[in-house]
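The values are calculated or read from the model by the stated rules, or taken from the named source; none is laboratory data. These numbers come from a predicted model, not from an experiment. Every residue, glycine as well, gets a Cβ built from its backbone with ideal geometry; the counts of neighbours run over all protein chains shown. With ligands, DNA and RNA removed, areas are computed over all heavy atoms of the protein, side chains included. Shrake-Rupley method; radii C 1.70, N 1.55, O 1.52, S 1.80 Å.
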Amino acid sequence: MMYRVQDMTRLQVAERIRQYPVAIVPIGSTEQHGPHLPLGTDVFLAEKLAGLVSEETGALVFPSLNFGYSWGWRDIPGTVSLQREHFQIVLTDIVKSMERYGIQLLIFLNGHEANGSSMKYAIREVSDDTSVKVLGMFYPGLSEVYEKYMESPTWGGMFHACEFETSLMLSADESKVDMQLACREYPPRPDFYGMDDSSIGEISKSGVYGDPTLATKEKGDRMFAEFTRRIVEIIHKAYPCGK
């Protein structure tokens, strides 16, 4: 079963922590994902993966963080972007809160790559202040899994609303995907991209970086299974006790 904190009572949560003090917090963003995917894609994918991992391990799944660092899409309607340092503070507060009632291992399961720096520095900061072991993950083994299942290349190592995310979203909830609107785009890469303030929101016309037309639910199912297995193995190594 999946242990979703929002659906549990205080007594149930306390007992679960006594048995298995491991928690997962899905983190993502609210930002555009092309014409065919919902703005909550990053969160939906992180939540799906968290649920699969919880079923395998018995870890508690806490409420998701729906806002992240989305500076590149800040001018697109619907986008909400937090400042990087603000997001980092929220992550550290979450760790300190959970420490008070006995969580020993906390997984930040990230579905939005741009959150990575906030996650990394939050983990470093709390290591000096708390006894909780914190791990941050963004699709462990991504390169290998991508190479194994994807037919389309990334955009210079970056992907967004592409075959990868669309396949996962079809697996998570295909009712939220409109494949009739899926379009392929690999925009020209600016000379100074990554060195100046070039924004991905201004480079792609569709908001897509890749080829979502090649996405399938079956690919998404297989990738979710692979990522789940990898995360479960990591959790068992970090907290070697059964569920």
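Between 0 and 90 degrees, the angle of helix 163-173 with respect to the longest Cα principal axis of the chain falls at about 50 degrees. Using a probe radius of 1.4 angstrom, the carbon and sulfur fraction of the accessible surface of the stretch 1-78 is 54%. About the centre of its Cα atoms, the chain shows a dipole size close to 860 debye [charges on the beta carbon of Lys, Arg (+1) and Asp, Glu (-1) only; nearest 20 debye]. A crude spin-label estimate for the pair residue 237 and residue 13, with each label 7 Å from Cα along the Cβ direction, gives 3.1 nm.
Once a ≥ b ≥ c are taken as the square roots of the eigenvalues of the Cα gyration tensor of the stretch 134-193, is the result rounded (a/c under 1.5), prolate (a/b larger than b/c) or oblate (a/b not larger than b/c)? Oblate, because a/c is 1.5 or more while a/b does not exceed b/c. I need the shape label for the stretch 119-243. Rule: rounded when a/c is under 1.5, else prolate if a/b > b/c, else oblate, with a, b, c from the alpha carbon gyration tensor. Oblate, because a/c is 1.5 or more while a/b does not exceed b/c.
The listed peptides 207-220, 86-99, ordered by packing as a protection proxy, come out as 207-220, 86-99 (highest mean of other Cβ atoms within 10 Å first).
Working from Cα pairs under 8 Å separated by at least six residues, relative contact order for the chain is 23 percent. If both residues of a DSSP beta bridge must be in the chain, then about 25% of such bridges are antiparallel. Taking all protein chains together and rolling a 1.4 Å probe, residue 120 ends up with roughly 90 Å² accessible.
Surface analysis of the chain yields an accessible area of 48 Å² per residue, using protein heavy atoms and a 1.4 Å probe.
A full extension of the chain between residue 175 and residue 100 corresponds to an added length of 23.0 nm, given 0.36 nm per residue minus the alpha carbon distance.
Is the stretch 40-137 rounded, prolate or oblate when judged by the Cα gyration tensor, a ≥ b ≥ c being the square roots of its eigenvalues, rounded requiring a/c under 1.5 and prolate requiring a/b larger than b/c? Because a/c hits 1.5 or more and a/b fails to exceed b/c, the stretch 40-137 counts as oblate. The convex hull defined by the C-alpha atoms of the chain has an orientation-averaged projected area of 13.1 nm². For residue 56 and residue 129, the FRET efficiency from 1/(1 + (r/R0)^6), where r spans their Cβ atoms and R0 equals 22 Å, is about 0.15.
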